[in-house]
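Down below is the structure, laid out as structure tokens.
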Amino acid sequence: MSANARKKLWIGALIVFALVSVVRLVLTVQRDGLGDATLWIALVVVLAICGVTVAVMLGRSAGVASNARQNRPDVVVVPVYSTAEAADEAATYAHPRPGLMAMGGSPMALVVTGTEIEVWAGRRSTAPSWTLRRSADAAVVQAVYGTRSVDALSLSDGSASVTVVPAYSPLRAMGGSSKEDLRRAVAEVGAAGSRG
């Protein structure tokens, strides 16, 4: 099953669950009154909050990558989420310092040009937050992402570095990295920067 088909199946299952929950809530309230429906009300509220949070995060992730593509057309753009290490790296290398969450999870983008790897943070940025030379070494390392340690992409050129979780599939990347996304990101930061 392709990633797109799995995504559609997952979204479909969530919609069906939400509809069943709302119908059950309405029937329970009609039959037994509001007191017995408390659990279902809480479940629907939690589901709505989670849905809105995920939608906002996906929108921000798409916005950062889209902004980088608009400012740097015809180059490779790798959508990523920050790690705790990236927040420290931003404090060291970025001017001005972007507002990255200290525990990771902020949407970012890596732009691969012919000579540099640019680190973009923010949906309205007009320039990269910091850059690395294109000869930067790419490695898969353990990094802090939220409350746990996950595989992440680390790039270092000797004078600057960045550690991120690739997010070609932003929903999946919210939970941590995938080997598929890591392999693709390592290949893209090492491949030719121009798309032609």
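The values are calculated or read from the model by the stated rules, or taken from the named source; none is laboratory data. Model, not experiment: these values are computed from the prediction. We place every Cβ from the backbone using ideal geometry, glycine too, and count neighbours over all the protein chains shown. With ligands, DNA and RNA removed, areas are computed over all heavy atoms of the protein, side chains included. Shrake-Rupley method; radii C 1.70, N 1.55, O 1.52, S 1.80 Å.
Worth a mention:
- Candidate residues Met57, Met101, Met108: accessible-area rank, largest first, probe 1.4 Å: Met101, Met57, Met108
- The angle between the Cα long axis of helix 3-32 and the longest principal axis of the Cα atoms of the chain comes to about 30 degrees, rounded to the nearest 10.
- Our helix-only sum for the chain, with -39,500 (n - 2.57) per DSSP H run of n ≥ 4 divided by its residues, gives a mean residue ellipticity at 222 nm of -15500 deg cm²/dmol.
- Of the solvent-accessible surface of the chain, computed with a 1.4 Å probe over protein heavy atoms with every protein chain present, carbon and sulfur atoms account for 62 percent.
- Between amide H atoms placed 1.01 Å from N, distances below 5 Å from Gly146 occur with Ala84, Gly104, all of them 5 or more places distant or on a separate chain.
- Using alpha-carbon coordinates, inclination of helix 38-71 to the longest axis of the chain, degrees: 20
- Residues Thr113 and Ser66, FRET efficiency given R0 of 22 Å [Cβ-Cβ distance, rounded to 0.05]: 0.80
- Backbone phi angles across the range 146-157, fed through the Karplus curve with coefficients 6.51, -1.76 and 1.60 (θ = phi - 60°), yield HN-Hα couplings of x, 9, 9, 9, 10, 5, 9, 8, 10, 10, 8, 10 Hz in residue order; Gly and Pro are listed as x.
- Normalising the average separation of contacting C-alpha pairs (under 8 angstrom, six or more residues apart) by the number of residues puts the relative contact order of the chain at 18 percent.
- Rounded to 10°, Cα long-axis angle of helix 84-93 versus longest principal axis of the chain: 40
- Note on the chain: GNM, Cα springs under 10 Å; of Glu89, Glu180, Glu116, the largest mean-square fluctuation is that of Glu180.
- Asp32 contributes about 70 Å² of solvent-accessible surface, heavy atoms of the protein only, 1.4 Å probe.
- Largest mean-square fluctuation among Thr115, Thr83, Thr163, in a Gaussian network model of the chain whose springs join Cα atoms under 10 Å apart, belongs to Thr115.
- Largest GNM mean-square fluctuation among Ile117, Ile49, Ile11, using the chain with Cα springs under 10 Å: Ile11.
- Amide proton proximity set for Ala167, modelled H, under 5 Å, gap of 5+: Val80, Tyr81
- For the range 46-177, accessible area per residue (1.4 Å probe, heavy atoms of protein chains only), Å²: 45
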